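What follows is a single structure, written as structure tokens, with notes after it.
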């Protein structure tokens, strides 16, 4: 049970440290998605390889970016809980990367 609370505390502290950037990115994402996602839905010949590439790049960047933003590094991730939080944050970064790339990819394939 302690590990769950520790993981939640780590995510909370990371979020507090970066809340202005997270809020700005969410607002940008909402505007970008609203402007381009409708075009994506009507696109013919859409290829998901670009979205997969954006997810892979976002996840890789997120795995090394998030610890660095809080003054840590990947080498400090010694416990399973640390890796779960790090991979979760990298997954969230990958999702944001895909969501930011989808409207652009829809424009290219349409």
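The values are calculated or read from the model by the stated rules, or taken from the named source; none is laboratory data. Note that this is a predicted model, so its numbers are computed, not measured. Cβ sites come from the backbone with ideal geometry, for glycine too, and all protein chains shown count toward neighbours.
The table below lists the values:
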quantity: Filter pass, residue 45 being surrounded by fewer than 19 Cβ atoms within 10 Å (Cβ to Cβ), in a helix (DSSP H, G or I), at pLDDT below 85 and touching a helix residue (DSSP H, G or I) at 6+ places or on another chain (Cβ under 6 Å); calculated: no
quantity: Conditions (1) loosely packed, with under 13 Cβ neighbours inside 10 Å; (2) at pLDDT 85 or above; (3) under 17 Å from the mean Cα position of the chain (by Cα): number failed by residue 80; calculated: (3)
